[in-house]
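The values are calculated or read from the model by the stated rules, or taken from the named source; none is laboratory data. The structure presented is a predicted model; accordingly, all values stated were derived computationally and were not measured. All Cβ positions, glycine included, derive from the backbone under ideal geometry; neighbour counts span all protein chains shown.
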Amino acid sequence: MAGAAGRGEDRPDANRQGADRTVERARHWRYAELPGVDLLRARYVRKAFVRHTHEHFVIAALTDGVEVFHHRGSDVSVGAGALALINPDTPHTGRAGVPEGWLYGALYPSPEVVAAIAAETTAVRGTPGFASPVLDDPYTVRLVHQVLRAADEGNALAADTLLRVAVTRLLRLNGGPLPQRRPRTAGARIAARARAVLEERIAAPPTLEALATDLGTSPFALLRAFRDAYGMPPHTWLTDVRVRRARHLLDAGTAPAEAAVAVGFTDQPHLNRHFTRIVGVPPGAYQRERKNVQDPR
């Protein structure tokens, strides 16, 4: 694999990077033979991702430019030949670190996929995850793009094999057990109760004051507790959850306009705006790429 990975044709956009560095493009899709894994290729220049989370791991392999993202209290940068690695349910952002933006491919394996690979190939105990959000490793960058290429070509054996090799390598170089949950403080309990209410009332949430009153606390105390527990204020968290649920509805074949109303957005343009700011592609394009793929997760 090392010899193949070094060939020019295995470097995505190797011959085009100088010609169209200002053109934004993205494709977000699935390959039926890689269940539980989302796939992405993109170049972003002006794109800025708002604070959000993913249900899956993020393994983003950069081949050109620089991305900057806020992660656990500070900004970190990742450039060509390196990977951005985000654990599930970890709030983060994303933006260009240089005028030409960044070019990358990404794998989004589910926690179940990563746990199964870790159990078979590593000594990680507990729930596996990534220790650092950035890893400089051009070899694994090439592996990630080979997975994407194999999926594009319908080469199931190669895609599955290379995915397992890439995840195993990343866990061995930069893996470990995810931290255990913090002790259940009074603030954490209030935040969890607020989250439960918002999940039940996703389409018609209460105001911060009404929610705080129902929980027997003050608005600012609730705001602090929620941010401490989930890394973002309640309204930002709610938008993130709405987009997550919209994705599941779109995957199931629901029309974007219907999905928008079902999760509490005013209309499809409202969904389009937030969906694109979090997922990176509009909901219609997202659904078109995935509508014929059945994923058993």
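Okay, here's what the table says:
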item: Residues of region 197-232 classified as surrounded by fewer than 13 Cβ atoms within 10 Å (Cβ to Cβ), more than 29 Å from the chain's Cα centre (by Cα) and not in a helix (DSSP H, G or I), total; result: 1
item: Number of positions in region 208-229 that are under 16 Å from LEU198 (Cα atoms) and at pLDDT below 95; result: 1
item: Yes/no for PHE49 being aromatic (Phe, Trp, Tyr), in a strand (DSSP E or B) and buried (at least 19 other Cβ atoms within 10 Å of the Cβ); result: no
item: Conditions (1) closer than 22 Å to ARG277 by Cβ; (2) touching a residue at least 40 places away in the same chain (Cβ under 8 Å); number of the one not met by ASP228; result: (1)
item: Among the residues listed as ARG247, ARG277, the single one being under 16 Å from the mean Cα position of the chain (by Cα), under 22 Å from ARG72 (Cβ atoms) and touching a residue at least 24 places away in the same chain (Cβ under 8 Å); result: ARG277
item: Residue within region 171-184 that is in contact (Cβ under 8 Å) with a residue 12 or more places away in the chain and touching a helix residue (DSSP H, G or I) at 6+ places or on another chain (Cβ under 6 Å) present; result: yes
item: All positions within region 78-121 that are within 11 Å of the chain's Cα centre (by Cα) and farther than 14 Å from LEU170 by Cα; result: PRO88, ASP89, THR90, PRO91, HIS92, THR93, GLY94, SER110
item: ALA196 out of contact with any strand residue (DSSP E or B) (no Cβ under 8 Å at 6 or more places or on another chain) and without any contact (Cβ under 8 Å) to a residue 12 or more places away in the chain; result: yes
item: Residue satisfying condition, being at pLDDT 95 or above, in the same structural domain as ALA61 (by TED's automatic domain parsing), over 29 Å from VAL279 (Cβ atoms) and of a type outside the set (A, V, I, L, M), within set ARG125, ARG172; result: ARG172
